[in-house]
Structure formats: C-alpha cells, structure tokens
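> I have a structure here, written as structure tokens, and I will follow up with some questions on it.
Please treat every number below as a calculation from the coordinates, not as lab data. Because the structure is predicted, anything quoted here is derived from the model rather than measured. Note: ideal-geometry Cβ built from the backbone for every residue, glycine included; neighbour counts use all protein chains shown.
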Ligand code: ATR
C-alpha cells in the first residue's frame, strides 16, 4: 500500500526493524476500514532517535509504535506521557499532538489484558495469585497490568533473580519473587501463568517447567507467538487447562495507536490473525 500525498502516515521505529509484524497488523486494518493511510517500518539507530522524533511532525508522521531498543529512551524524550508509561518509564506508542508536542503511552499491558479477555471469555478468576516468568520489559508491562487489574499477588520468577527483585522494588507492593529453580513450586495456587521469557520461541531454548502444581482452573498464557502453540501451551492443553496464545497481545496493543492516528477503534478478528501470521516479513 503506497498511499497518496494526503495519506495519514504512521509506522514503527526500532533497530533492527525488518522483522516487525506491526506493519501487517496496521495495514490489515487500513485496508479493512478503507482508510487512506500508510504504516511503514522506520529503522532508527539509537543515536538517531532524538532527531527522528523531533522531525516527525515536519515529515507529516502522525505517530509511531516503538520497539526494541527504544522504549525507555523514547519515554525520556516525550513532552507528556500516560500514567502507565510513567510507571514503566517506557513507551510503545507515540502520538504527535496538534500543537506538535509528543505524547507517549504504553499499551502493552492493555494488549495483554484484552488478549486474555477475548481469548478466554469464560475465565473468571478471583484474582488471587498470578505467576509471571521473566523480568524484562514485557514482564514489567504484564505485572503492572495485573496490579492495575486488581490481582492480590503477582509472583515473579526469573533466571537472573536480581532483575526480578528490581522489578518488585520498582513496581511493588503485591509482588513476590520466586527463585528460578523453584519456578514449578511458584505455580501453587496460581490462577494464571504467563511466560514472558523468550524460552519456547523458535530458535530459542525450550522452557523447562513442570505444570503439575497449577490448579485445574488456571489459565496459561504465553506471550511468545512464534510458534503460535508453544510447547508450554501444548502441555497446558494436554493437562486440560485453558490456554491463550500470544498473538492477540500484539494485535490488541496496536488498537490505541491505530485509533489515535487513523481515527477508528479497530476490531481484532480471526481474518487479521491469519493475515498477520502469514505476512511476508
Ligand atoms: P523483553 O524486554 O522483550 O521482555 P528481555 O529483557 O530480553 O526482553 O527479557 C527476556 C527474558 O527472557 C528475561 O526474563 C530473560 O531472563 P534473564 O533476565 O535472566 O536474562 C529470559 N530468558 C532469556 N533466555 C533465557 C534462558 N535461556 N533461560 C532463562 N530465561 C531466559
């Protein structure tokens, strides 16, 4: 989709950026809603980030999604930012406002929660205990979203325990840290298990985890979506547990940006899931 000179312009910034599926996510909606818009990949090296953001308005770009490694650095360069991005000191969505100032937001947690809501509509947890594997940027967004959603306790387990402890210090209260060796035990009593590590992703090591301690009503979510059905999700399904795959988080986190730039709150559909999975990168 090349667009016209009047096309509304948006995109995604990262370094590297070739493998981002965000263009497929947004181009599907542009087509579906018949919007004269473009959504491009912008490769931006770390030292070029301030210049790129400064020049966005002059370039006629309404806003961008932000991915690795720019989420924290971009946050520091915003004129204003929503509460959740301030809590995380990281943005994934930027809007150029009418007056030319930049507003940052972080929609990863929204995408995570919406994915669970749409992917498991019958799952009605009491929101007692959730266990989260990992302590990177994705884990931070997930933990903050669970706190905002009213969960009593979020247990975090990460290979590098110091990182989990820092996450708990930064985002506490209500966060406990379980050692990586005891991650199986950390599943006891949990109504939700989320894998935010890269383990299980195509090309990465497998996630070694015994699900025996998870209660029968627990939901298992993997934010890895390549493959769509990870070994973790297969093992959970084999145990009869409810599962939600990770693709929906990518799709739902994109909704607020699309609405801000292109003016429509878009719907995530099965057709879009298929399109994004099969898109040539
Ligand atoms: P993101 O910001 O996307 O969450 P990240 O910061 O690179 O990405 O985090 C990747 C997560 O996967 C981390 O929790 C990482 O654990 P460490 O903090 O110990 O690095 C986890 N991870 C990656 N490879 C792993 C491995 N082989 N075993 C255990 N955990 C691993």
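> Sort region 1-54 into rounded, prolate or oblate with this rule: let a ≥ b ≥ c be the square roots of the eigenvalues of the Cα gyration tensor; rounded if a/c is under 1.5, and if a/c is not under 1.5, prolate when a/b is larger than b/c, oblate otherwise. All intermediate terms of the calculation are to be shown ahead of the outcome.
Numbers: a/c = 3.31, a/b = 1.68, b/c = 1.97.
It comes out oblate by the Cα gyration axes.
> Separate question: Would you list 103, 183, 51 from fewest to most Cβ contacts within 10 Å? Present the calculation step by step, with values, prior to reporting the outcome.
Numbers: 103 18, 183 21, 51 9.
With the sparsest Cβ surroundings first, the list reads 51, 103, 183.
> Give, in nm to one decimal, the length gained when the segment between residue 265 and residue 82 is fully stretched (0.36 nm per residue of separation minus the Cα-Cα distance).
64.0 nm
> To continue, here is another question. Calculate how many DSSP beta bridges within the chain are antiparallel, expressed in % of all such bridges and rounded to the nearest 5. Working shown, then result.
On the way: 7 of 41 bridges.
The antiparallel fraction comes to roughly 15 percent.
> Given C-alpha coordinates of region 204-281, what is the ratio Rg to Rh with the Kirkwood estimate of Rh? The partial results should precede the final answer.
Numbers: Rg = 15.4 Å, Rh = 14.4 Å.
Over the Cα atoms of region 204-281, Rg/Rh equals 1.07.
> For region 240-281 and region 47-120, what is the separation of their Cα centres, given in Å?
Distance between centres, Cα-based: 18 Å.
> Continuing with the same structure: Give the dimensionless ratio obtained when the Cα radius of gyration of region 121-161 is divided by 2.2 N^0.38 Å. Provide the component values of the computation, followed by the final result.
Values: Rg = 10.9 Å, N = 41, 2.2 N^0.38 = 9.0 Å.
That ratio works out to 1.20.
> State the extension gain, in nm to one decimal, for the chain segment bounded by residue 59 and residue 229, taking 0.36 nm per residue of separation less the distance between their alpha-carbons. Before the final figure, lay out the partial values.
Working: separation 170, 0.36 × 170 = 61.20 nm, distance 4.02 nm.
That pair, residue 59 and residue 229, stretches by 57.2 nm at full extension.
> Please label the shape of the chain as rounded, prolate or oblate, based on the square roots a ≥ b ≥ c of the eigenvalues of the alpha-carbon gyration tensor (a/c under 1.5 means rounded; beyond that, a/b larger than b/c means prolate, else oblate).
Numbers: a/c = 2.04, a/b = 1.58, b/c = 1.29.
Prolate.
> Please give the contour-minus-distance gain from residue 204 to residue 148: 0.36 nm per residue of separation, less the Cα-Cα distance, rounded to one decimal in nm.
Details: separation 56, 0.36 × 56 = 20.16 nm, distance 3.11 nm.
Going from the current span to full extension adds 17.1 nm.
> Follow-up question, since we're still on this one. With n ≥ 4 as the cut-off for DSSP H runs, can you work out [θ] at 222 nm for the chain, using -39500 (n - 2.57) per run divided by the number of residues, rounded to the nearest 500? Write out the running numbers ahead of the final one.
Values: 11 runs with 97 residues, N = 281.
Calculated mean residue ellipticity at 222 nm is -9500 deg cm²/dmol.
> Test of understanding: ordering 47, 82 by Cβ neighbours within 10 Å, fewest first, what list do you get?
Values: 47 9, 82 16.
The most exposed by this proxy come first: 47, 82.
> If we sort 18-25, 264-271, 187-194, 105-112 on the protection proxy, mean other Cβ atoms within 10 Å, highest first, what's the order? Mind dumping the intermediate values first?
Working: 18-25: 18.6, 264-271: 13.5, 187-194: 21.6, 105-112: 25.6.
Ranked by mean Cβ neighbours within 10 Å, highest first: 105-112, 187-194, 18-25, 264-271.
> Packing-wise, with mean Cβ within 10 Å as the measure, how do 249-259, 7-17 rank, highest first?
Details: 249-259: 23.2, 7-17: 19.7.
Going by the mean number of other Cβ atoms within 10 Å, highest first, we get 249-259, 7-17.
> How long is region 1-123 along each principal axis, judged by its Cα atoms, biggest number first, in Å?
Sorted from largest, the Cα extents of region 1-123 read 47, 36, 29 Å.
> Work out the FRET efficiency for residue 237 and residue 5 from their Cβ-Cβ distance, taking R0 = 45 Å, and round it to the nearest 0.05.
On the way: r = 50 Å, r/R0 = 1.11.
Plugging the Cβ-Cβ distance into 1/(1 + (r/R0)^6) gives 0.35.
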